[in-house]
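Below you'll find the structure, written out as structure tokens, and then a few comments.
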Amino acid sequence: MYTFNPGPSQVYPQVRRYLQDAFDEGWLSAPHRGERFVQLMRQTVQELKNKLNVPQDYTVFFLSSATECWEVLTQSLTPTKSFHLYNGAFGEKWYEYAKALRPETKGLKFGIDEVPDARNLPGLDEHTNLVCLTQNETSNATQLRDGAILNIYNRLPGNALLAVDATSSMAGIQLKFIKADIWYASVQKCFGLPAGLSVMLLSPRAVERLRKVNERSHYNSLTAQYEKMLNFQTTHTPNVLGIYLLSRTLHDNPIIKTTHQHVLERANKLYDYFDQATRLRPLVTNPETRSSTVIGLQGAPALIEEVKRQALAQGMQLGSGYGSWKPTSLRIANFPAIPDAAFEQLVQFFAKEFA
Ligand SMILES: *Cc1c(COP(=O)(O)O)cnc(C)c1O
């Protein structure tokens, strides 16, 4: 059975062995104030920086989910308001979480075949603390390319920081971390691990802002987490097992450049195939805005249902459409943990049943 669900998604097969090792090595009862845990944290952070090409001067945080990152970024880095550029359900949810805490927050929606124009962003002004982008919009299978993010970064007004949700792309494709101040992801997507842990990266500029804002009124205030993290410690008992699994997968996986090429090749093959040969078409028309890690397909509701049902009967779980796209689309995760054999089986299935 393969799952192409874009989260929670297929985990790496070696997770089974890592879990056994975690038990045998005593990690499940390891004290999180002990030297052994500190060593694990230090090692995981270094492994993450090396394998994903994270600048050495960025600070790594471990939280519990991408949703927690949304809230924490508002609490600890947004004294006044944020600005959200979004085209789908996750970007919009982030906007709503932020607006609930900072009512002046502004949002701007763009189309799924559109690249946002950095020179024309109504609602973005010099009182904005945080500009928020979703690099890979999992709900509708779109993606912002490096150039689109860079154009926004180069035009940030006043003292605004750029924050990027990379939940369904980090560890799958190479991201230019230096071109934004804040990046985060949760591990149940491209990291190929069970849910319950997220990774957030802050640039030195974002850390400086954090200390200036000095917000301390929540258990998960980033300020306190930063101070603990200086010594590879946490404010509360962390997900030690999740961190252990992360360190093991990062250690055993190739560098991101290699993974990136593999993921892109597979994405190109899939888009080429669905552009021509089947009754389903890519959900996103513009090749420039298509996601490389989540492939969206569209078709009539009855066809979508039929494809999902038959795929499942042949041992392949496809991802349903999300939100308003649910009846007319389906999603195929192109995450690194899913083996090439699964994609071969998938394409054969479409060629045989739905060409
Ligand atoms: C899955 C996802 C989230 C939510 O992640 P959680 O870890 O469940 O909070 C947020 N943003 C994007 C783009 C996602 O794909």
For this session: Taking every Cα atom in region 1-132, find the radius of gyration and the maximum pairwise distance Dmax, and write them in Å.
Result: 19.7, 56
For this session: Determine the distance separating the Cα centre of region 93-155 from the Cα centre of region 187-204; give it in Å without decimals.
Result: 21 Å
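Quote the convex hull volume per residue of the chain, based on C-alpha atoms, as a whole number of Å³. Don't jump to the answer; show the numbers that get you there.
Working: hull volume 44.0 nm³, N = 355.
Here the figure is 124 Å³ per residue.
What translational D, rounded to a whole number of µm²/s, comes out for region 194-256 from Stokes-Einstein when the hydrodynamic radius is the Kirkwood one over Cα pairs, at 4 °C and 1.567 mPa s? Spell out each step's value before the answer.
Details: Rh = 13.5 Å.
In µm²/s, the coefficient rounds to 96.
Provide the packing ranking of 210-217, 44-51, i.e. peptides ordered by the mean count of other C-beta atoms within 10 Å per residue, highest first. Before the final figure, lay out each step's value.
On the way: 210-217: 13.2, 44-51: 18.8.
Answer by packing, highest mean first, reads 44-51, 210-217.
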Exercise. Label points 7 Å out from Cα along the Cβ direction at Leu108 and Leu230: separation in nm?
Worked result: 3.8 nm
Seminar exercise, completed: The residues Arg331, Arg119, Arg209, sorted from fewest to most surrounding Cβ atoms within 10 Å, come out as Arg119, Arg209, Arg331
Exercise. Length gain on complete extension for the stretch Asn268 to Glu126, per 0.36 nm per residue less the alpha carbon to alpha carbon distance?
Worked result: 47.2 nm
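Among His236, His84, His32, His218, which comes first, then next, by fewest other beta-carbon atoms within 10 Å? Intermediate values should be presented prior to the final figure.
Values: His236 10, His84 27, His32 17, His218 13.
Lowest to highest Cβ neighbour count: His236, His218, His32, His84.
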Exercise. So what is the calculated 222 nm ellipticity per residue for the chain, using -39500 (n - 2.57) for each DSSP H run with n of 4 or more, over all residues, to the nearest 500 deg cm²/dmol?
Worked result: -12500 deg cm²/dmol
For this session: In whole angstrom, note down how far apart the Cα centers of region 35-87 and region 289-340 are.
Result: 30 Å
Exercise. DSSP H helices in the chain with Cα extent of 15 Å or more along the helix axis and mean Kyte-Doolittle hydropathy at least 0.0?
Worked result: 66-77, 240-252, 301-313, 340-353
For this session: Apply the Karplus parameterisation 6.51 cos²θ - 1.76 cosθ + 1.60, with θ equal to phi minus 60°, to every residue of region 124-140 and state each ³J(HN,Hα) to the nearest whole Hz, in sequence, with x for glycine and proline.
Result: 8, 9, 6, 8, 6, 8, 9, 9, 10, 10, 10, 5, 10, 8, 4, 5, 10
Exercise. For region 78-83, in order, what is each residue's ³J(HN,Hα) by Karplus, 6.51 cos²θ - 1.76 cosθ + 1.60 with θ = phi - 60°, in whole Hz (x at glycine and Pro)?
Worked result: 10, x, 10, 6, 10, 10
Seminar exercise, completed: Out of Lys81, Lys109, Lys189, a Gaussian network model of the chain with alpha-carbon springs under 10 Å gives the largest mean-square fluctuation to Lys109
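The numbers here are math on the coordinates, done by the rules we state, and not lab data. Owing to the predicted nature of the structure, the values given are computational and were not obtained by experimental measurement. We place every Cβ from the backbone using ideal geometry, glycine too, and count neighbours over all the protein chains shown.
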